[in-house]
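Trainee: Below: one structure in structure tokens.
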Amino acid sequence: MHYISTRGQTEAMGFKQAVMTGLAPDGGLLIPETIPSVSTQKLKAWESKSFIELAKEILSLYIDDIPPVQLKQLVDEAYAAFDIPEVIAMTSVEELQVLELFHGPTLAFKDIALQFLGRLFQHILEVEKGHLNILAATSGDTGSAAIAGVSGLSNIDIFVMYPKGKISNLQELQMTAAPAENVHCLAVQGSFDDCQNIMKSLFGDIGFKERYHLGAVNSVNWARILAQIVYYAFASLKFNGSNPPSFVIPTGNFGNIFAGIIAKKMGFPIDKLILATNENDILARFFNSGRYSRGQVHYTLSPAMDIQVASNFERFLYYAMGSDSERLCRFMENFAKEGTATMDSYETGTILATSITNNETRTAMRAVYKNNGYVADPHTAVGLSAAGRFSVIGQKICLSTAHPAKFPETVDSVLGENLVSHERLNKLKGLESRSITVNADQDLIAKYIVDNCRA
């Protein structure tokens, strides 16, 4: 299996090189040269497999440069630290199934991919005897999940940028309380989009990237998407009745829903993908108009989705444009220059999209608690609210992306009582917090990396 860039100017590479490369040298995103197709017979055989067993089957279709025995070991190690042996859980909430993806070490869905990616990095570096400096931008959960995956490793330093004052207190503490000397947290005076732009610019400086061995844990890294395909595959097989199920996905950076797009392309039984944004509705507006237009960042009750420029959207555009890299480059250049770009003759097809306000988020949280006794975090509530706006033929499955205990101020204020806590988070109280505050300045952050990386 080889990996190519959406922008068509990077030489094809193997999986391990794709993992270490992160963002393609031409500024595009790496994708598989071909998407494996799974047969009906294979789907039938996979219906009874556990999440971990299915992960091993799917990952092996995309990874052929790691010996199978070692790959299976990496998967086992990645999911050994989860609170439940099944890794993910499903809960019935009225007519919906809520797919709980938050049972990992940092109580967010990103653990599913980043626990695996951390093991991949460690495996590759041990074989190549190298050192990696991870540069990450986070709107809340990526940073802590990435830190949990690599904390304390001697051959990795991790530098995490996050928007100062724009994530929950517990999300910040999960990052800044990490005691390991290879962890560096930077509170950036700006938005997540500012952090993400700095990250992409530094990766785009090929000389700097190569000299300081930069690696990516954001969803620009294909391995992130690959690991997330598994829960779509698993849930689709469990609820494939007379009609295939549809998924409701709260999303900001488009990585989570893009994994569902790939799962459907592979042949897993999936009907619709319902995209739910908060008031940062650039994606919802595109799928309802064909116009991709940047707006002002709104700070909402669901901070991990407070994003205006979705980095994974380029992968979707590549396929939607018939793998035409030149057309894609023109679109992205127009967007970078004008802040807007339009895709003519676009059909929504598989994807249905809507945006949810703060008030609608609160209403959904109250309703699901009153009617079912279920406590949803505000991101999941965005999905629950969106689910009611669309009719589909099969089971609706709403992705639950974070444990409500990560957002106690919001949950308790909306529901009117102290309802949420978690032992992992309680242990953070009183720990020393380590971070530095920096301006949203690429040169300053580059200098910080140079001055603080160990190799």
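The values are calculated or read from the model by the stated rules, or taken from the named source; none is laboratory data. Keep in mind that this is a model prediction, so the values were computed, not measured. FYI the Cβ positions are ideal-geometry reconstructions off the backbone, even for glycines, and counts take in every protein chain you see. Ligands, DNA and RNA are stripped out before the accessible areas are found, and what is left, the full protein with its side chains, is counted by its heavy atoms. Shrake-Rupley method; radii C 1.70, N 1.55, O 1.52, S 1.80 Å.
Trainee: Compute the accessible area per residue over the chain, keeping the other protein chains in place, probe 1.4 Å, unit Å².
Mentor: Value returned for the chain: 37 Å² of accessible area per residue.
Trainee: Which percent of the accessible area of segment 284-425 is formed by carbon and sulfur heavy atoms (probe 1.4 angstrom)?
Mentor: Its accessible area is 42 percent carbon and sulfur atoms.
Trainee: A further question follows. Using a cut-off of 15 Å between beta-carbons, work out the net charge of the residues near Ile124 (Lys and Arg +1, Asp and Glu -1, Ile124 not included).
Mentor: Its environment carries a net charge of -2.
Trainee: Here's another thing I want to ask about it. How would you rank 177-188, 329-340, highest first, on the average number of other Cβ atoms within 10 Å across their residues?
Mentor: 177-188, 329-340
Trainee: Hey, any idea what % of segment 34-188's accessible area is carbon plus sulfur with a 1.4 Å probe?
Mentor: Answer for segment 34-188: carbon and sulfur cover 49 percent of the accessible area.
Trainee: Something else about it: Can you tell me the alpha carbon radius of gyration of the chain divided by the globular rule-of-thumb value 2.2 N^0.38 Å?
Mentor: In units of the globular-protein estimate, the chain measures up at 0.91.
Trainee: Once the dipole of segment 1-130 is set up with Lys and Arg at +1 and Asp and Glu at -1 on Cβ about the Cα centre, which of Pro105, Ser60, Leu117 lies farthest towards its positive end?
Mentor: Toward the positive end, the furthest listed residue is Ser60.
Trainee: Still on this structure, I have one more. Want the number for Glu338 to Gln70: 0.36 nm per residue separation, take away the alpha-carbon distance, what's left?
Mentor: 91.8 nm
Trainee: If you take the square roots of the eigenvalues of the alpha-carbon gyration tensor of segment 24-77 and sort them as a ≥ b ≥ c, do you get rounded (a/c under 1.5), prolate (a/b over b/c) or oblate?
Mentor: oblate
Trainee: Under the rule of at least 5 residues apart or a separate chain, name every residue whose amide H is placed under 5 Å from the amide H of Glu86.
Mentor: So Glu86 has HN proximity to no qualifying residue.
Trainee: Hey, can you rank 191-201, 1-11 by average C-beta count inside 10 Å, highest first?
Mentor: By packing density, highest mean first, the sequence is 191-201, 1-11.
Trainee: If you count only protein heavy atoms and use a 1.4 Å probe, how large is the accessible surface of His298, to the nearest 10 Å²?
Mentor: 90
Trainee: Shifting gears a bit: Evaluate the relative contact order of the chain (contact order divided by residue number), counting alpha-carbon pairs under 8 angstrom at least 6 apart; express in whole percent.
Mentor: 19
Trainee: Over all directions, how big on average is the projection of the convex hull of the alpha-carbon atoms in segment 305-455, in square nanometres?
Mentor: Average projection, Cα convex hull of segment 305-455: 15.1 nm².
Trainee: In Å, what Rg and Dmax follow from the Cα atoms of segment 356-441?
Mentor: 16.2, 51
Trainee: If you don't mind, another one. By DSSP, what percent of the beta bridges with both residues in the chain are antiparallel, rounded to the nearest 5?
Mentor: Looking only at bridges with both residues in the chain, the antiparallel portion is about 30 percent.
Trainee: For segment 210-363, go through all pairs of different Cα atoms, get the mean of 1/r, take its inverse, and jot down that Kirkwood value in Å.
Mentor: 16.5
Trainee: So, one more: Quick one: Karplus J couplings for segment 214-225, per residue in order, coefficients 6.51, -1.76, 1.60, θ = phi - 60°, nearest Hz, x for Gly and Pro?
Mentor: Couplings: 6, x, 10, 10, 4, 6, 5, 6, 4, 4, 4, 4 Hz.
Trainee: Any chance you could list P(r) for segment 285-386, counting all Cα-Cα pairs in 5 angstrom bins from zero, rounded to whole %?
Mentor: Result returned by the calculation: 2, 11, 18, 19, 16, 12, 10, 6, 3, 2, 0.
Trainee: Right, something else. Give or take rounding to whole Å, what are the principal axis extents of the alpha carbon atoms in segment 146-192, in descending order?
Mentor: 31, 18, 14
Trainee: For the chain, what is the charge dipole size about the Cα centre, in debye to the nearest 20, if Lys and Arg each add +1 at the Cβ and Asp and Glu each add -1 at the Cβ?
Mentor: Result for the chain is approximately 400 debye, rounded to the nearest 20.
Trainee: Charges at C-beta only: +1 for Lys and Arg, -1 for Asp and Glu. How large is the resulting dipole of segment 156-209 about its Cα centre, in Debye rounded to 20?
Mentor: With only Lys, Arg, Asp and Glu charged at Cβ, the dipole is about 100 debye.
Trainee: Going by amide H atoms built from the backbone, whose H comes under 5 Å of the H on Ile156, apart from near neighbours?
Mentor: Close amide H contacts, sequence-distant or interchain: Leu132.
Trainee: Here's something else I'd like to know. Calculate, for Lys447 and Lys238, the FRET efficiency according to 1/(1 + (r/R0)^6) with r their C-beta to C-beta distance and R0 45 Å; round to the nearest 0.05.
Mentor: 0.35
Trainee: Could you give me D for segment 54-190, from Stokes-Einstein at 20 °C and 1.002 mPa s, where the hydrodynamic radius is the Kirkwood radius over C-alpha pairs? Units µm² s⁻¹, please.
Mentor: Diffusion coefficient, whole number: 133 µm²/s.
Trainee: Related question: Per residue of the chain, what 222 nm ellipticity follows from adding -39500 (n - 2.57) for every DSSP H run with n ≥ 4, rounded to the nearest 500?
Mentor: -13000 deg cm²/dmol
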